[in-house]
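The values are calculated or read from the model by the stated rules, or taken from the named source; none is laboratory data. Fair warning: this is a prediction, and the values are worked out from it, not measured in the lab. Every residue, glycine among them, receives a Cβ derived from its backbone with ideal geometry; neighbour counts consider all protein chains shown. Heavy atoms of the whole protein, side chains included, go into the accessibility calculation; ligands, DNA and RNA do not. Shrake-Rupley method; radii C 1.70, N 1.55, O 1.52, S 1.80 Å.
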Amino acid sequence: MTRIVVVGASAAGLAAAETLRREGYTGTLTLVGEEPRPPYDRPPLSKQVLAAEWEPDRVALRTPADLSGLDLDLRLGVAATALDLATQEVWLSDGAQVSYDRLVIATGVRPRRLPGEGAHVLRTLDDALTLRERLGPGRKLVVVGAGFLGAEAAAVAWRLGAEVTLLEPAPVPLAHAVGEQVGQVLAQAHVDHGVKLRTGVSVTEVTDEGVRLGTGEEIEADEVLVAIGSLPNTEWLADSGLSVGDGVVCDEYCEAAKNVYAAGDVARWYNPLFETSMRIEHRTNAAEQGMAAARNLLNSEARKAFSPVPYFWSDQYDMKIQAYGYLRGHDEVAVVDGDLGERRFVAAYRTGDRLTGALAVGMPPKAIRVWRQAIVAGASWQEAVHGATTV
């Protein structure tokens, strides 16, 4: 191998590049990033950065010296526009064509948007800095989407003194992911802090005055944040021949095609531990998958399946939320420790006859780690949750 190209200069791409060097690869290593900034961390954008607790330089994933030590052919501010599998070339927005012997795709996701102009999204550092300049006491903010990102931003805006309205099309926020009763507990935290939460409402467009609902009602706002999910950045792969379906489709080794691997938010791979295909938009998964893809790319004769227990966390008001496993599509939820009403509990999740997830609110880390171990062990629901109260 004389050249490896990594497309995507965020957590997954950087983890892949570092792993390649750490594992002994000494050839040309090209790292392509659409943003002009060096790799930085995204979870703090909706928390510490938006709250003005951190300044921009604190989210850098590595120092300039660290990056220099990787001896990268670093191409920032340039997007990949096409991939030719036959010639093994990546086409870039600056007109360059970069050949590769091995390729890692880590192009991440972009926010979904609504019709209309002027709304904020929260994906990049510039997004977070722009929104935080507009928030403060008395400012009216409408957040469209009460998922984890929208909920975190709403909590920060409330803390900054803004008047916050949180709009969600589902009857219960996050019910599809965490279950109705857990979703209700998380939603009630917003209400208790004075956020105006409206569920079961659809937003059709952003207007000059705020947003318009499906009923025709208009809600006034000084600022609007749209947090209605994301789309994998795969358009540049449309004519490549790769299988693309809600992400770059990979096998259990994160391989999408011969000499091509994918990692991070853009990768949809088969996770043997859960016996299903999944695409995970979590910071921990991005780094772990970047490392796994790099190792498999270098060691084709001794590849290892990437079968993690996904992990994510969220900070909202005084709540610390942590979750392990794959909660989506669950069949049952049981509270196995603590109390829902006190917003201090652990909930376990069943899919089929297996324990597939656990979520904790306001509990110490050790309270949920035992559930992670049970998920890794492939524990049955009966043996893991015997005697728990079903909700």
Fill in: Evaluation of Pro308 against (1) over 22 Å from Leu31 (Cβ atoms); (2) part of a strand (DSSP E or B); (3) open to solvent by less than 20 Å² (accessible area, probe 1.4 Å) (one fails), failing number
(2)
Discussion item. I'd like to know if region 56-70 contains one or more residues that are open to solvent by 20 Å² or more (accessible area, probe 1.4 Å), touching a strand residue (DSSP E or B) at 6+ places or on another chain (Cβ under 7 Å), among the basic types (Lys, Arg) and not in a loop (DSSP other than H, G, I, E, B).
Written reply: no
Worksheet item: What is the one condition in (1) within 17 Å of Arg110 (Cα to Cα); (2) in a loop (DSSP other than H, G, I, E, B); (3) of a type in the set (A, V, I, L, M) that Val201 does not satisfy?
Response: (1)
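Is there a residue being small (Gly, Ala, Ser) and under 21 Å from the mean Cα position of the chain (by Cα) anywhere in region 158-167?
Within region 158-167, not a single residue is small (Gly, Ala, Ser) and under 21 Å from the mean Cα position of the chain (by Cα).
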Worksheet item: Quick one: is Ser46 open to solvent by 20 Å² or more (accessible area, probe 1.4 Å) and of a type in the set (S, T, N, Q)?
Response: no
Practice prompt. Scan region 187-203 and give yes if some residue there is in contact (Cβ under 8 Å) with a residue 60 or more places away in the chain and more than 28 Å from Asp337 (Cα to Cα), otherwise no.
Written response: yes
Response to the item:
Counting only residues in region 95-125 that are outside any strand (DSSP E or B) and without any contact (Cβ under 8 Å) to a residue 60 or more places away in the chain, the one most open to solvent (accessible area, probe 1.4 Å) is identified as Gly95
Worksheet, complete the sentence: Of the residues in region 124-175, those that are of a type in the set (D, E, K, R) and over 14 Å from Lys47 (Cβ atoms) number 7
Discussion item. Consider region 300-326. How many of its residues are within 21 Å of Thr2 (Cα to Cα) and in contact (Cβ under 8 Å) with a residue 40 or more places away in the chain?
Written reply: 1
Discussion item. Test of understanding: among Thr30, Thr81, which residue is open to solvent by 60 Å² or more (accessible area, probe 1.4 Å), polar (S, T, N, Q) and not in a helix (DSSP H, G or I)?
Written reply: Thr81
Worksheet item: Considering region 204-214 alone, what residues qualify as being touching a strand residue (DSSP E or B) at 6+ places or on another chain (Cβ under 9 Å) and part of a loop (DSSP other than H, G, I, E, B)?
Response: Thr207, Glu209, Gly214
Item to complete: Please tell me if Ala293 is surrounded by fewer than 20 Cβ atoms within 10 Å (Cβ to Cβ) and under 15 Å from Cys250 (Cα atoms).
Response: no
Worksheet item: With respect to the numbered conditions (1) outside any loop (DSSP other than H, G, I, E, B); (2) in contact with a strand residue (DSSP E or B) (Cβ under 7 Å, 6 or more places away or on another chain), which one is the sole condition not fulfilled by Pro173?
Response: (1)
Worksheet item: Could you list, in sequence order, the residues of region 320-329 that are surrounded by fewer than 20 Cβ atoms within 10 Å (Cβ to Cβ) and outside any strand (DSSP E or B)?
Response: Arg328, Gly329
Worksheet item: Does region 272-294 include one or more residues that are aromatic (Phe, Trp, Tyr) and either under 13 Å from Val104 (Cβ atoms) or at pLDDT below 95 (or both)?
Response: no
Discussion item. Regarding region 354-370, can at least one residue be identified that is of a type in the set (Gly, Ala, Ser), surrounded by fewer than 18 Cβ atoms within 10 Å (Cβ to Cβ), in contact with a helix residue (DSSP H, G or I) (Cβ under 8 Å, 6 or more places away or on another chain) and more than 30 Å from Gly24 (Cβ to Cβ)?
Written reply: yes
Item to complete: Scan region 10-24 and give yes if some residue there is open to solvent by less than 10 Å² (accessible area, probe 1.4 Å) and part of a strand (DSSP E or B), otherwise no.
Response: no
Discussion item. Among (1) open to solvent by less than 30 Å² (accessible area, probe 1.4 Å); (2) of a type in the set (A, V, I, L, M, F, W, C); (3) under 20 Å from the mean Cα position of the chain (by Cα), there is one condition Leu129 misses while meeting the rest; what is its number?
Written reply: (1)
